[in-house]
Amino acid sequence: MDDHWLNYVFFSLGEYRLTFGAVIFATGLMVASYIASVVVQRAVSRLGSLRASISSAQIYTVSRILHYLFIVIGFLLAASALGIDLTKLAIIGGALGIGIGLGLQNIVNNFFSGLIIMLEKSLKVGDFIELPDGLVGEVKQINIRSTLVRTNDNVDILIPNAEFASSRVTNWTLEDNLRRFRIPFSVAYGSDKELVKKAALEAASTVQLTLTDNGRMPVVWMTGFGDSALDFILGVWVSPEAVKRPSFLVSEYLWALDDAFRRYGIDIPFPQRDLHLRSGFSKEGISHQALEKGSD
């Protein structure tokens, strides 16, 4: 019946009519596609948990791609239900071209950058990364426009995906979650170098984060002669859980080094400067000037 509420016309242009029933049907298709996406993502997650050969990063990548695919299919079906002729994609493409030219290029760039990141596996959920500006944190989500990174201070930061595709990113846990840290330290000139090495290695052994298996033993390198000190580096392999806590890790080793140096009587240097007075000044003149300044 023409007077049925489903046939109520919202909008008409020429031969095209947008009815209330078409809007409901199109909305139902979009909701159904979203629900199907959620169901499929959960099924993929269950399947991945049953197969040890599939990593969590691969599960996440497949889930996100399937989510986008279902949303696109739902959008196309909804557009067809609204009576939009999908064969005339040239008009839609032209409209998209204008939109991209007016400011959507960043959104499109971030979207495809996110897909590239997930497909090439250069960045995945759970990775601990460092950006050129010094920001460090763990990747929590890779979304359609941005990536959520959580710092060790529990601060959530959204970073556009294009930054990961176009700039240098240090991924501390890309292939392996083990890492060797280098802890620089200095001792006073005249210190026994062998004793310094012994004390540093003992300090490393007292820190529970230190790994000593598979050839990953702590090492001590002498790196140079400073202005007031001999410069060394303590190289240590640490456990995976410590990699994501660099500030805590450095603090633990510096604390242990200070305890070891105190135990062996090794001095930690401080800047020293020699002051040379010109011979043209007499002691009496210097004392007289000092008295004048004191009286002022």
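Points worth noting:
- Put TRP255, TRP237 in order of accessible area, highest first, and with a 1.4 Å probe you get TRP255, TRP237.
- Between GLU120 and ILE144, residue separation times 0.36 nm minus the direct Cα-Cα distance comes to 7.0 nm.
- Whole-Hz Karplus values for the stretch 114-125 come out as x, 5, 4, 4, 6, 6, 8, 6, 6, 8, 9, 4 Hz, taken residue by residue from phi with 6.51 cos²θ - 1.76 cosθ + 1.60 and θ = phi - 60°; glycine and proline positions read x.
- For a label point 7 Å along the Cα-to-beta-carbon line of MET217, residues of the stretch 178-197 with backbone N under 17 Å: 194-197
- Relative contact order of the stretch 108-163: 31 percent, from C-alpha pairs under 8 Å at least 6 residues apart in sequence.
- Gyration tensor (alpha-carbon) shape descriptor, the stretch 137-283, a/c threshold 1.5: oblate
- Accessible area of TYR264 in the full protein assembly, 1.4 Å probe (Å², nearest 10): 70 Å²
- Rounded accessible area of ASP192 (nearest 10 Å², 1.4 Å probe): 90 Å²
The values are calculated or read from the model by the stated rules, or taken from the named source; none is laboratory data. Please read all numbers here as calculations on a predicted model, not as lab measurements. Positions of Cβ are generated from backbone atoms using ideal geometry, with glycine treated the same way; all protein chains shown enter the neighbour counts. The accessibility values were calculated without ligands, DNA or RNA, using every heavy atom of the protein model including side chains. Shrake-Rupley method; radii C 1.70, N 1.55, O 1.52, S 1.80 Å.
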